[in-house]
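Quick notes on the structure that follows.
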Amino acid sequence: MNILDRIKQLNITKVNVQRENRIFVDTEKDKLISVLYGMKLIGFNQLSIMSAVDRIKDNEFELFYVLYNYKEKVNAIVRTRIPRDNPVIETADKIYPPAHTYERELTEMFGISVSGNPDSGKPFILENWKDKPPMRKDFDSVEYVDKHFVFRNPEGKNE
Amino acid sequence: MEKMTEQQFRTIGNMLRKRSLWMLHYCTGCGSMELPAVGTSRYDMERFGVVPYITPRQADILLVTGYVNTKTLRRIVTVYEQMLDPKYVVGFGSCPINGGVYWDSYAVIKQLDRYIPVDLYIAGCMPRPEAIITGFMHLMELIDKGKATGYKRYKENLEYYKENQRKVLE
Amino acid sequence: MVKNILIAIGLPLLAFGIGISFMGFKRKIGARIQRRYGPPFHQPLLDIIKLLSKKSDISHGIIYDLGPMIALGASILTIFFIPIPGLKLLTGSADVIALLYIMVIGSLGMGLGAGESANPNSSIGIARALTLMFGYDLPFVIVIISVLLKYHTTNLYAITQAQAGGHWAMWVLPLSAIVGFIVIYGAMGEHPFDVVTAPHEVATGPMAEYGGKHLGLLFIDHAFHVYIELALFVDLFMGGASNIGWFYVKMFVLFLIIVFFDEVLPRFRIDDAVRFYWRWPTIIALTSLIIVLIGG
Amino acid sequence: MNMSLMVLLLTPFTGGILSYLGGKIHRSVRYTFAILFSSLTLVELFFYYNKPVNHFVLGKMFGSVMILQINPISWLFAFIVTTISLLAIIFSVNDMEGRGGLDFYYFELMVVEGAMLGITLAGDLLTFFLFWEIMSWTSYLLIIQGGNKSIKAGYKYIIMSIIGANSMLIAIAMIYGKIHTLVFRNVAMLLAASPHGFDIAIFVLFAIGFFVEAAVMPLHTWVSDAYSEAPSSVSSVLSGVLEKIGAYGLFVLLYALFGVSLLGKLMPLRFPSPTIMYTIGWFAGISIVVSTFLAILQEDAKKLLAYSSISQIGYVVLGISIGTSLGVAGGLFHALNHAIFKSLLFFTIGAVIYRTGTRNLSELGGLIKKMPVTFTGTLFGIIALAGVPPLNGFVSKWMIYEALLQKKEVFLLILALIGSTGSFLYVYRLIHSTFLGQLPEKFKDVKEVPFLMQIPIWLLSLGTIVFGIWPGLAMNVIARGEKFFGITPIKYNLYGFPGGNGMGSLKMINISSVFIAGLIVAYIIFALGAKTHRISQYDNYAAGQVVTKDTKYNYSYGFYMFFGRVVNPVFKWSADKIYLAWARSANVFGDYMRRIYTGNLETYSSYIVVIISLVGFLILLGGKIW
């Protein structure tokens, strides 16, 4: 059976073959884990990367999991939308162990908490970060910089 | 008279010291790419006695290559404090000077010399190997004249530096 | 008496001078092999002065301070037992076998000091150093025994005397001399046997925490070490020499070969280095020993 | 001065009984008696320093006289026995505190001392064997004081010990059956006159007994368990003295029974070198190297020391087996030195265990700042053990090397030299993992051991220096002993050996003084530099990372793992495994036997019926069975 047909049998909302060997799979939040599991059964053995995009206009986060199938040499991107206020997702590290680390980064950079991942709250890259998660689009980097750092005086005079 | 001889002794010491500079290259950013070129046959920094060394205890120069973010700043301060006097800091590239292309980044600090005393900056993005060698020569001159006294400044203004470090690190 | 005191003061200075000149040569020749201009010839001396004149220093404890001192003291001790032309002050107090064990006092002191620095890199370095020593010791003792059997004496001075007139042990026992060279080479820690200090793996190993005057002492010790290894080989296999000049020339030729190899070789893994020493050098040394045993 | 040897022999036994009884009153009485009587033994022994006694009749048994004697060699071993036992008793006072059955423990310790003293003083095989048995059993009882695991270790020890003792008993019975007397002199005469075959059988049977006790490979397997599981002071007695008794036995066997008789009557050596002595030498040489390799890979401090003991006793046996004057002197000297430094190491490791409660090397570290005296003791111990000048281990090892070189035993010499280099590895591992490196947080409050436990450490450290720089002190006794056994002693002086006769010269005083001068020069250079300031162990190079208290930043587990990769393929099999395989096959055999001997009366009676009917059937056939 064709790989596309097998994907269509999963619990998904939309499949979009963008170009050869690149399939976008959209699904709903609560079906995400089952879809990922199904993808793994189909043969998408590798989680290349997972991250999120801040769709601030829709007040949603878009999660995406980039998967790869070594046998068919096909990339699949599983996407889902979660609400921006109080974002909680379920861990995928039982299916794809590398997700464990990506989820820690997700928590730190977007403030998306991951249930089932014990390390999700642990500091990952940022040390002693007290502000808003920096990858959210409403985080103003310039404002933060002005507040925390001192710019060099163009005349070369320091205080 | 006594003061004079001590002065002379110090001068001779500086004269010899400047010919043997061991550097610890703290390669945080893209600037480290330029260093191998400086070390290899074409530019050969070893002819001035500049040799890369491994641990902060052995090194004289702390070469901060490229941008410094808050996370690496903590390590840089640790490393700097582990080095033995006299020690010199060379800021390398435009990022340690004013943040460079990362001027609006929440993670990158804008002026290295607010946190540790910098004796010399080598400007440029990236500085060419020639610029690096010129920088070292200039540092040697400073050492010879007794002007490279960053380690003394750090001790004298410890409160100022610590305060600044605390502000970004905590 | 006055002469003895002069020798006692002069011999370490001479050894240091020879050793430091070789260190300088090494950097210069190495640079030229890599088509670089290289540092000035007196660069090692500048480095040592720089290190000794550092304005602050750290200490992890008494043994940490004592380590470099024991290493240097033991090196000074060792040079008194290696006869060089015209100067044989104490060669009657210990023979070659004793010399083998006098030479390790320094490593032990160094190991203790590095151990107290509480840095795992230092510990790994020392563990590697001892293992490497165990590795090259097997062929080395076989080589030493064959030389001792050949010349029927254990006195190093007598061995050099027996080789007078061009009858070098190198020509009489060529196989042993080859193995002896490989051993000396490894003992000097040059590539591919630089697993001990391996800067990219264990951050200069035993010296990881050492800096300032401690490191200065270790550099002085290294100069002595270079001298000791070369002089031992020259005395054992190249017939010593009749005057200091010849002695220096012989050591220089030997050193030149070592530098040529050193500059172009990569690095062994430590267990491979041990395996290497326990394979071919040991077999060749045993062959030579058996030849000595049969041929007398 | 007119004390008989009987008094000397009975002193420790009396002390044992008295301290046992005194312990019922109060523990201080027990300690007083134990220390008093063991030091009394030492004092009494010094009356015999230069005064050999040849023939002191103890009694008569089985028609054979029992004789005590003392000559310089037995004096040397008796000295080792009494000194180490005394120090072990002093060390035990604090070390064993709080354990049950201490009265009995001290009683056993004193009885072991007495028994070993008896062995060294024995003038005939019967006395020798009696004390040997006492020693085996009491030392077994001492080993099992160490807790649950030690019972198994003791079991292993006693089985091997019984095998050894029984083989000796067979030999003694064979001799007794021939001449009905067991005095060394008569035995020596018998052996000198007896045909080959008989004497080799006697020799092998004795050698098995001594090899077990001296822990020469392949009869060493009890050592690693027994030493590591026994209490520390017992381990040092076992390693420092018990092994030496095995070596003493071997010496007596080679030079009193099979060589030159006692009483100075010269007889040619029964086995000139390249026969049985050569075989013993090879056993010793293989012991040296193999156990060195094993010691390098140990993770347990006392196991490491146990394997190192096997290796070091190899030098003693090797030296004795060389047969030349220099070799024998080296072997005997090394016996003394080994007793000093190995007991020292067992004491210091015992002190560490006393304070930290663990002997696992990878758990320890950084104790130098907490236990400087123990560290100093260990330092002296390991330098002596590794055979590095200027301490005592070097001198005796050097003598053995020179002796081997003189006889051109090059392959044995290679083994001996390699064993010595290998010992650097494990001694560094020992001192590094316990005292150097990072101090774990849990041992932050460790203190130095009490003063009573420091005494043995101080005294033995002093011993390593004294016998290292002035080897002539020990050589005085050894040379007289050699003369007594009819061997021409080598030339020596207080500071070393003047050399000659194919032997190099050695002046320990020169080596140590030049070394000290070198140290002074180094110190001057050091003192001219900048002032140092102490920093904490966490202020350390970690590639910029900050080391905190909860980080273990220490290299101690699998210290020589890469070396293990080189040698492990060879060590897949071991003597212990071979014995276990034998034991297993014996078990299987036993199972088959049990099927026949079911313990059921009916089965047995049916056997009897079957056999009788079978015999009857054969008789019926005409009485022709075969």
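The values are calculated or read from the model by the stated rules, or taken from the named source; none is laboratory data. As the structure is a computational prediction, the values presented were derived from the model and not from experiment. Reconstructed Cβ throughout: ideal geometry from the backbone, glycine too, with neighbour counts over all protein chains shown.
Of the listed requirements (1) assigned to a strand (DSSP E or B); (2) touching a helix residue (DSSP H, G or I) at 6+ places or on another chain (Cβ under 8 Å); (3) among the aromatic types (Phe, Trp, Tyr), residue A:68 misses just one: (2).
If you go through region B:74-85 one residue at a time, how many are surrounded by fewer than 22 Cβ atoms within 10 Å (Cβ to Cβ) and either more than 10 Å from chain D (Cβ to nearest Cβ) or assigned to a loop (DSSP other than H, G, I, E, B) (or both)? Residues that pass the stated criteria total 1. Evaluating residue D:205 against the criteria (1) under 21 Å from residue D:307 (Cβ atoms); (2) in a helix (DSSP H, G or I) leaves one unmet condition, (1).
For residue D:478, the stated conditions do not hold, so it cannot be described as more than 9 Å from chain C (Cβ to nearest Cβ) and either assigned to a loop (DSSP other than H, G, I, E, B) or more than 27 Å from residue C:92 (Cα to Cα) (or both). The set of residues from region C:15-56 being in a loop (DSSP other than H, G, I, E, B), at the interface with another protein chain (Cβ under 8 Å from one of its Cβ atoms) and farther than 19 Å from residue C:263 by Cβ comprises C:53, C:54, C:55, C:56.
Selection of region D:432-460 for residues being in a helix (DSSP H, G or I) and surrounded by fewer than 24 Cβ atoms within 10 Å (Cβ to Cβ) yields D:441, D:442, D:443, D:451, D:452, D:454, D:455, D:458, D:459.
For every residue, the table says whether it meets (1) modelled with pLDDT under 85; (2) of a type in the set (Asp, Glu); (3) on the phi < 0 side of the Ramachandran plot.
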residue	(1), (2), (3)
A:5	yes, yes, yes
A:12	yes, no, yes
A:23	no, no, yes
A:27	no, no, yes
A:35	no, no, yes
A:40	no, no, yes
A:49	no, no, yes
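Going through C:118, C:114 one at a time, which residue ends up being more than 7 Å from chain D (Cβ to nearest Cβ) and in contact (Cβ under 8 Å) with a residue 24 or more places away in the chain? Steps first, please.
Working: C:118 fails: more than 7 Å from chain D (Cβ to nearest Cβ).
Answer to the selection: C:114.
Does residue B:82 qualify as being on the phi < 0 side of the Ramachandran plot, modelled with pLDDT of 85 or more and in contact with a Phe, Trp or Tyr (Cβ under 9 Å, 6 or more places away or on another chain)? It would help to see each step written out before you state the result.
Details: on the phi < 0 side of the Ramachandran plot: yes; modelled with pLDDT of 85 or more: yes; in contact with a Phe, Trp or Tyr (Cβ under 9 Å, 6 or more places away or on another chain): yes.
Yes, satisfied.
Filtering region C:79-111 down to residues that are more than 16 Å from the chain's Cα centre (by Cα) and of a type in the set (S, T, N, Q), which residue is nearest to the other protein chains (Cβ to nearest Cβ)? Among those that are more than 16 Å from the chain's Cα centre (by Cα) and of a type in the set (S, T, N, Q), it is C:93.
In region B:114-135 there is at least one residue that is within 13 Å of chain C (Cβ to nearest Cβ) and on the phi < 0 side of the Ramachandran plot.
Answer yes if at least one residue in region C:57-72 is surrounded by fewer than 19 Cβ atoms within 10 Å (Cβ to Cβ), facing chain D (nearest Cβ under 8 Å) and not aromatic (Phe, Trp, Tyr), and no otherwise. The answer is yes, given that some residue of region C:57-72 is surrounded by fewer than 19 Cβ atoms within 10 Å (Cβ to Cβ), facing chain D (nearest Cβ under 8 Å) and not aromatic (Phe, Trp, Tyr).
Considering every residue within region D:385-399, establish whether at least one is assigned to a helix (DSSP H, G or I), among the polar types (S, T, N, Q) and under 24 Å from residue C:71 (Cβ atoms). Within region D:385-399 (the criterion being assigned to a helix (DSSP H, G or I), among the polar types (S, T, N, Q) and under 24 Å from residue C:71 (Cβ atoms)), the answer is yes, since at least one residue qualifies. If you filter region A:138-153 down to residues that are facing another protein chain (nearest Cβ under 9 Å) and in a helix (DSSP H, G or I), you find that the one that is nearest to residue A:61 (Cα to Cα) is A:141.
Can you find a residue that is farther than 28 Å from residue D:378 by Cβ, at pLDDT 85 or above and not in a strand (DSSP E or B) anywhere in region D:501-524? Steps first, please.
First, pick out the residues of region D:501-524 that are farther than 28 Å from residue D:378 by Cβ: D:501-505, D:524.
Still in the list and also at pLDDT 85 or above: D:524.
Subset that is not in a strand (DSSP E or B): D:524.
For region D:501-524, residues farther than 28 Å from residue D:378 by Cβ, at pLDDT 85 or above and not in a strand (DSSP E or B): present.
Looking across region A:106-132 at every residue that is within 14 Å of chain B (Cβ to nearest Cβ) and of a type in the set (Asp, Glu), the one that is farthest from residue A:67 (Cα to Cα) is identified as A:131. Please indicate, with yes or no, whether at least one residue in region D:211-224 is out of contact with any strand residue (DSSP E or B) (no Cβ under 8 Å at 6 or more places or on another chain), more than 18 Å from residue D:303 (Cα to Cα), modelled with pLDDT of 80 or more and crowded, with 24+ Cβ neighbours inside 10 Å. Yes, because at least one residue in region D:211-224 is out of contact with any strand residue (DSSP E or B) (no Cβ under 8 Å at 6 or more places or on another chain), more than 18 Å from residue D:303 (Cα to Cα), modelled with pLDDT of 80 or more and crowded, with 24+ Cβ neighbours inside 10 Å.
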